[in-house]
Each structure stands twice: as structure tokens, then as C-alpha cells.
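Contents: one structure, followed by commentary.
The values are calculated or read from the model by the stated rules, or taken from the named source; none is laboratory data. What you see is a predicted model, and the numbers here were worked out from it, not measured in a lab. Every residue, glycine among them, receives a Cβ derived from its backbone with ideal geometry; neighbour counts consider all protein chains shown.
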Amino acid sequence: MVPSACRPARSVHVIEMWRLVLRTSWTDTRWLETPCWIPLLMRRLPFEDDAARAFRQEQAAQFVGFADGCTTGSGIGIYSPGLFWGSTSMSQITTFVNSTGSPTPLDINVIEFTAAVILTAALLSHIRSTDAACTHVHLWTDNTACRSWITKHRAAHPLHLFLLQVFSHLQLIAGIAVTIGHLPGKINIYADATSRSFLVPNGPEIRAFLAPLEQVSCAPALLSVMEQISVRGFERISETAQEALTVSVKLLS
């Protein structure tokens, strides 16, 4: 349930997103199309739980990636087997304005959510740069709130809504569907180590394992806009859809 105080602002957000979609559809009709394989991929099969669905989606994906965040230094780590790894920090964002207009300390859920969006951008940018054939990528996160926001594509806070807009734009621009699943943190060792700058017990071994892979830039353009939105909340909410599109284009260029 969305708090009543933020419903009007969220309605503006939804309207502006639809206006942008319709304007863009004049030149790119993919915004109005849904291939039949996507609903089949997203649906839950009989007797299938979230974990089984996520593993089925992973098996259908051409590319897979892992994302993680930690509260120590607001670190973010991403990893794609055989392709790349990356790390950055959200330390410049310490609070964000929530749905009631009050400052809220940055929490692990937002950090993990940002890591998943950054991983999406890195994967899609890699695919476009190599011209690889791909229609579907799968993400893994060890944060259930992050998985829920992305799976349901619903949130109430302005910063979360912006991240969902970027997540949508990235898929539409690249023409690729993204699925996400949850896995225990003890399995997500490579993204976890990069989010902590390898300051973990097996850090040297993990660094050596990742050394042959490309180290990618972790979306500074995204973090810069997030810093602005984190302090203004729903103020100028009608502008965020276009800002999300602009950032997405930069991330994939």
C-alpha cells in the first residue's frame, strides 16, 4: 500500500513515464510491443516457488551477472562470469528524502538496488559493444527487497522510482529482457568481495581469480543524478522520467 501522502506525486511520476513512452513510440515501436516469450518466461509454473523460477530464468538467459552492496563505505560490487567485474561506492549519498518528505539514512536495500541497476547497465553495455546476440540476461542479488522492487516494478520512494525508471529504459533501449533472482549471500562471493574492496578473508584469492577479467566503470553518471534526486525527493518529480532516459542513454553509449 502506498502512503496517501505520496499518492499524488507518484501519480505524476506514472503519467510522465507514460507520456515519455508514447512520445518515444513514434520512432521506436518496441515500447508498445511485448514478445510472447517474455510473459512465458516471467510466469510462475505450477508448484514453482521463487527460487525454482529464478533458476529456470537463469538457464534461459544468454548472460548472467551478480550484484552486491555493503554498508561499509556504501560499497557496490558487480560480477559477470567470464566477462567483467567492477566496484564503486555510494558514500556521497548519506540520506535520501522518503515518500513523506523526511530525510532517511541510506540503507542497505537502496545500496543493493543501485548495485543491481548498475550491473544491468554494465551487462547491456557489454552486449551492445560486442554486438553479441542476446534477448535475455539474468541477475542475482542476495537482497530480497531489491528483488521484490524489480520483480514487481513497484516502489513508493522517489529514489526507488527513479531507479526503476532507469531499469526500464535500459531494457527498452537495448531491446533485452532482464530477470532477477535471490541467492544466499554466502554464495555471492565475488560480488561481495568487490563491494568490500576485497577486504574479506579470501580477498587475495578472489582478486587473483578476477584479474584476467575486464574491470568496468560503475555508472558514475547514474550516481551523480541519484545524488541530486536523493535531496529533492518528489520535488520536480515530473522531470525524473526524462532524467532516467538521459542517464540510460549515457550508460549504454
For this session: Kindly indicate which of H138, H169, H160, H153 is modelled with pLDDT of 95 or more and under 14 Å from the mean Cα position of the chain (by Cα).
Result: H138
Problem set entry | Count - residues of the stretch 173-200 that are under 30 Å from I237 (Cα atoms) and surrounded by fewer than 16 Cβ atoms within 10 Å (Cβ to Cβ) | 1
Seminar exercise, completed: Heads up, the strands (runs of 3 or more DSSP E) in the stretch 10-119 (entirely inside) with at least 2 residues that are under 18 Å from the mean Cα position of the chain (by Cα) and polar (S, T, N, Q) are 84-89
For this session: Working carefully through the options I187, I180, find the one that is on the phi < 0 side of the Ramachandran plot, outside any helix (DSSP H, G or I) and either at pLDDT 95 or above or under 19 Å from the mean Cα position of the chain (by Cα) (or both).
Result: I180
For this session: Look through the stretch 15-74, keep the residues that are within 26 Å of V110 (Cα to Cα) and among the acidic types (D, E), and return whichever of them is surrounded by the fewest Cβ atoms within 10 Å (Cβ to Cβ).
Result: D49
Exercise. Taking only pairs six or more apart or across chains, which ones have beta-carbon atoms under 7 Å, a first residue in the stretch 31-45 that is farther than 12 Å from A177 by Cβ, and a second residue that is surrounded by 11 or more Cβ atoms within 10 Å (Cβ to Cβ) and polar (S, T, N, Q)?
Worked result: W31/T24; W31/S25; L32/S25
Problem set entry | Tally of residues being touching a residue at least 12 places away in the same chain (Cβ under 8 Å) and more than 22 Å from T246 (Cβ to Cβ) across the stretch 165-186 | 8
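For every residue, the table says whether it meets (1) farther than 27 Å from Q228 by Cβ; (2) not in a loop (DSSP other than H, G, I, E, B).
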site: R154; (1), (2): no, no
site: Q165; (1), (2): no, yes
site: A193; (1), (2): yes, yes
site: S197; (1), (2): no, no
site: P201; (1), (2): yes, no
site: I206; (1), (2): yes, yes
site: F209; (1), (2): yes, yes
For this session: Take the stretch 125-152 and flag every residue that is assigned to a helix (DSSP H, G or I) and either touching a Phe, Trp or Tyr at 6+ places or on another chain (Cβ under 7 Å) or surrounded by 24 or more Cβ atoms within 10 Å (Cβ to Cβ) (or both).
Result: H126, I127, C146, W149, I150
